[in-house]
Amino acid sequence: MATVFKKTKMLTDVPFHYCPGCTHGIAHRLVAECLEEIGCEGNVVGIAPVGCAVFAYNYFNVDIQEVAHGRAPAAATGVKRTHPDTIVFAYQGDGDLASIGTAEIVHAAARGENITVIFINNAIYGMTGGQMAPTTLIGQKSTTSQQGRTVPLNGNPIKVCEMLSTLDGPAYIARAALCDPANVAKAKKAIKRGFEMQMQKKGFSLIELLSTCPTNWGMTPVQATEYVKENMTKQFPLGVFKDIDKESK
Amino acid sequence: MKKLMKGNEAIAEAAVRGGCRAFFGYPITPQNEIPEYLSKRLPEVGGCFIQAESEVAAINMVYGAAGSGARAMTSSSSPGISLKQEGISYICGAELPCVIVNMVRGGPGLGGIQPAQSDYFQAVKGGGHGDYHMLVYGPNTVQEAVDIMYDAFDKADKYRMPVMILGDGMIGQIMEAVELPEMKDPAAFPKKEWATDGTGVGASRRIINSLYIEPDVLEKVNHRLFDRYKELEENELRYEEYLVEDAEIVIVAYGTVARISKSAVNALREKGIKAGLLRPITLYPFPAKAIAKVAAEANVKKFVAVELSMGQMIEDVKLAVNGAKPVEFYGRTGGNVMTPEDIVEFVEKEVK
Ligand SMILES: Cc1ncc(C[n+]2csc(CCOP(=O)(O)OP(=O)(O)O)c2C)c(N)n1
Ligand code: SF4
Ligand SMILES: [Mg+2]
């Protein structure tokens, strides 16, 4: 019988702890498949965040460091400067990257640090129980914006890709959505491109993945992917925001 | 051959000779000569220097580099060291070796830029959250700082914990003649099988981590750390005794304050007052047993803790003396430094 699907060897056999319908699992698989496809087995260091993906160190079949909340780009910098020829990636949530860790992500990008950052934007603090995130949509309810986020009180959501692509350091910045098979395929392409940039030593790459948190959004998994498609993509348009190869052509 | 060097620069050179190949820091007075020197020096030996965006980033860069096997360090001064505390706690939890230099300035808050010893509690009692300690040194000359720095990475690697050099501001700024040790050969450093160098897959995978969700597992980790602190006490405890044998008054002081105190001891002896000095060189582990032993001597009437603070180390002295003899305090703060005469005057009043 022909094998139509095989789990990538860049994931361990440990079952994910994520809630049913959570897209962290899809994101893990895509990252791991890309690592396998670029052929860097035995030459990768991952950086796990503080957030629902804190246990990512149990899942990626690579050397990996679990680091303080928001500091993944700094730790990744330390790793990369020690092992410049090793693929280094950081996996961060929106609270981790766009709130407590804004300084670290901006400066890693500005330095053109040759690392790849996978940015999981689920518009919420998943791990701590559904508080407002810097990316929570206007009108979206969370446990700390129970009437829905408002601009006068909470300001506007941060568009990380747009912000970072104003810098000269990044080589590749893209946003994709984990909301249906076609978009998942695009997300994978973007992640792979990020890793390829790193292999070619072109500099910083970041791939933002619009993701779901059915548990804290109070939705079914299907409703949640609909929400990504209908609502999140309006605030966070999909696409490639920076690609230095295309610029120079 | 001895060379006249500023403390901060001598420490930086000793770090390189001791194997440092990665430095991450953020500017703050009075330690700027360390990063400035290393920004030029490290690239010469194939090392990495990064001026980080903050002390928070700097210590987490140290975490990443140390976790993947580099001899990595950072230096700062009091407010910056406060910012690093979360990272230091993680480094201790993840059992990573590194070196941290704190050229202490007066506080609290922005404080001042003049010398102080008011970060003693922070350095030896933990500083960040959780149950942990570091190996902490309080050198009293530039040469001693150089020698301690030179071996600091070996100690950090051996015990898999940070080594902190607690300078009192003066040590970084004074110029003294120093003998610089020879460059250590990085090829001879022990291999770090636990480090995430990227080669791990499957069973050989390495995880650098300080998260232990199971209480029993975390408790075991805490015990493992504290077993190591016991080893420090057995192997690394260092102190100096000066004219303590027949002393009636024993001054306890560390860092450059100990040098000032030594001059005071000599002056007191000339005046017929039997003074002595006990100088902790390691601040953690603290020479509590040595102090207790001195306290038990019949000739010893009184201890005087002398510090550039409102009285921090004195608490450890009191714990060690354990009520056997009175312990008095003399200190200056705010960046003011006592003279030997100030100490003499204080002790003279005490013996009356
Ligand atoms: C210094 C610090 N502050 C707060 C926390 C608590 N905390 C843990 S996870 C988290 C938010 C995570 O949200 P996000 O990064 O969006 O990840 P998600 O769980 O949504 O994937 C917070 C605030 C912490 N661990 N450390
Ligand atoms: S809380 Fe949300 S982000 Fe976290 S695992 Fe569950 S669904 Fe995913
Ligand atoms: Mg989130």
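Quick notes on this one:
- Segment B:27-63, residues that are of a type in the set (D, E, K, R) and within 11 Å of chain A (Cβ to nearest Cβ): B:53, B:55
- Within segment A:92-101, at least one residue is more than 15 Å from the chain's Cα centre (by Cα) and free of Cβ contacts under 8 Å to residues at least 40 places away in the same chain.
- The lone criterion from (1) of a type in the set (A, V, I, L, M, F, W, C); (2) open to solvent by 30 Å² or more (accessible area, probe 1.4 Å); (3) in contact with a helix residue (DSSP H, G or I) (Cβ under 8 Å, 6 or more places away or on another chain) left unmet by residue A:110 is number (3).
- Only one entry in A:41, A:33, A:37 is of a type in the set (Asp, Glu) and either on the phi > 0 side of the Ramachandran plot or open to solvent by less than 30 Å² (accessible area, probe 1.4 Å) (or both), namely A:33.
- Residues that are open to solvent by less than 10 Å² (accessible area, probe 1.4 Å) and not in a strand (DSSP E or B) were ranked within segment B:162-179; the one that is modelled with the lowest pLDDT is B:169.
- Between A:150, A:128, A:143, the distinction of being open to solvent by 10 Å² or more (accessible area, probe 1.4 Å), more than 14 Å from ligand 1 (Cβ to nearest atom) and either more than 8 Å from chain B (Cβ to nearest Cβ) or in contact with a Phe, Trp or Tyr (Cβ under 8 Å, 6 or more places away or on another chain) (or both) belongs to A:150 only.
- Put simply, of B:8, B:60, B:32 the only residue that is touching a residue at least 24 places away in the same chain (Cβ under 8 Å), among the polar types (S, T, N, Q) and surrounded by fewer than 21 Cβ atoms within 10 Å (Cβ to Cβ) is B:32.
- Listed by first and then second residue, the pairs linking a residue in segment A:67-89 that is closer than 17 Å to residue A:41 by Cα to a residue that is within 16 Å of ligand 3 (Cβ to nearest atom) and open to solvent by less than 10 Å² (accessible area, probe 1.4 Å), with Cβ atoms under 9 Å apart and 6 or more places separating them unless they lie on different chains, are A:89/A:117; A:89/A:118.
- In segment A:105-116, the condition of being within 15 Å of the chain's Cα centre (by Cα), more than 14 Å from chain B (Cβ to nearest Cβ) and under 24 Å from residue A:177 (Cα atoms) is met by no residue.
- Residues of segment B:146-170 classified as more than 12 Å from the chain's Cα centre (by Cα) and of a type outside the set (Gly, Ala, Ser), total: 13
- From the list B:83, B:96, the one residue that fits, being more than 15 Å from the chain's Cα centre (by Cα), of a type in the set (A, V, I, L, M) and more than 10 Å from every other protein chain (Cβ to nearest Cβ), is B:83.
- Failed item in (1) within 11 Å of chain A (Cβ to nearest Cβ); (2) assigned to a helix (DSSP H, G or I), with residue B:24 passing the rest: (2)
- Taking every residue in segment B:176-188 that is in the same structural domain as residue B:47 (by TED's automatic domain parsing) and pairing it with any residue that is surrounded by 15 or more Cβ atoms within 10 Å (Cβ to Cβ) and among the hydroxyl-bearing types (Ser, Thr, Tyr), at least 6 positions away or on another chain, the pairs with Cβ-Cβ distances below 9 Å are B:176/B:141; B:178/B:141; B:180/B:150; B:181/B:150; B:184/B:150.
- Residue check for residue A:223: surrounded by fewer than 22 Cβ atoms within 10 Å (Cβ to Cβ), without any contact (Cβ under 8 Å) to a residue 12 or more places away in the chain and either within 14 Å of another protein chain (Cβ to nearest Cβ) or within 16 Å of ligand 2 (Cβ to nearest atom) (or both): yes
- Some residue of segment B:109-121 being surrounded by 18 or more Cβ atoms within 10 Å (Cβ to Cβ) and of a type in the set (Val, Ile, Thr): no
Residue-by-condition table, conditions (1) in contact with a helix residue (DSSP H, G or I) (Cβ under 8 Å, 6 or more places away or on another chain); (2) facing another protein chain (nearest Cβ under 10 Å):
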| site | (1), (2) |
| --- | --- |
| B:201 | no, yes |
| B:212 | yes, no |
| B:215 | no, no |
| B:221 | yes, no |
| B:228 | yes, no |
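- Test: residue in segment A:22-32 that is within 25 Å of residue A:107 (Cβ to Cβ) and away from chain B (no Cβ under 12 Å): yes
- Residue count for segment A:44-72 satisfying the condition of being facing chain B (nearest Cβ under 8 Å), open to solvent by less than 10 Å² (accessible area, probe 1.4 Å) and not aliphatic (A, V, I, L, M): 3.
- If you go through segment B:327-352 and keep only what is among the aliphatic types (A, V, I, L, M) and open to solvent by less than 40 Å² (accessible area, probe 1.4 Å), you end up with B:327, B:338, B:343, B:344, B:347.
Yes/no per residue for (1) farther than 25 Å from residue A:210 by Cβ; (2) within 16 Å of ligand 1 (Cβ to nearest atom); (3) among the acidic types (Asp, Glu):
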| position | (1), (2), (3) |
| --- | --- |
| A:18 | no, yes, no |
| A:23 | no, yes, no |
| A:41 | yes, no, yes |
| A:55 | no, yes, no |
| A:65 | yes, yes, no |
| A:82 | yes, no, no |
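- Residue B:304 vs. criteria in contact (Cβ under 8 Å) with a residue 40 or more places away in the chain and within 24 Å of residue B:234 (Cβ to Cβ): no
- Meets criteria (within 16 Å of ligand 2 (Cβ to nearest atom), out of contact with any Leu (no Cβ under 7 Å at 6 or more places or on another chain) and polar (S, T, N, Q)) for residue A:150: no
- Segments classed as strands (runs of 3 or more DSSP E), wholly inside segment B:40-144, with at least 2 members that are within 27 Å of residue B:307 (Cα to Cα) and small (Gly, Ala, Ser): B:72-76
- In segment A:73-87, the qualifying residues are those that are open to solvent by less than 30 Å² (accessible area, probe 1.4 Å) and among the hydroxyl-bearing types (Ser, Thr, Tyr), and the one that is farthest from the other protein chains (Cβ to nearest Cβ) is A:77.
- Screening residue A:105 against (1) open to solvent by less than 40 Å² (accessible area, probe 1.4 Å); (2) in contact with a helix residue (DSSP H, G or I) (Cβ under 6 Å, 6 or more places away or on another chain); (3) within 16 Å of ligand 2 (Cβ to nearest atom) leaves a single unmet condition, (3).
- Close pairs from segment B:65-78: first under 10 Å from residue B:96 (Cβ atoms) and facing chain A (nearest Cβ under 10 Å), partner modelled with pLDDT under 95 and open to solvent by less than 10 Å² (accessible area, probe 1.4 Å), Cβ under 8 Å, at least 6 apart: none
The values are calculated or read from the model by the stated rules, or taken from the named source; none is laboratory data. All of these numbers come straight from a predicted model, not from anything done at the bench. Reconstructed Cβ throughout: ideal geometry from the backbone, glycine too, with neighbour counts over all protein chains shown. Only protein heavy atoms, including side chains, enter the accessible area calculation; ligands, DNA and RNA are left aside. Shrake-Rupley method; radii C 1.70, N 1.55, O 1.52, S 1.80 Å.
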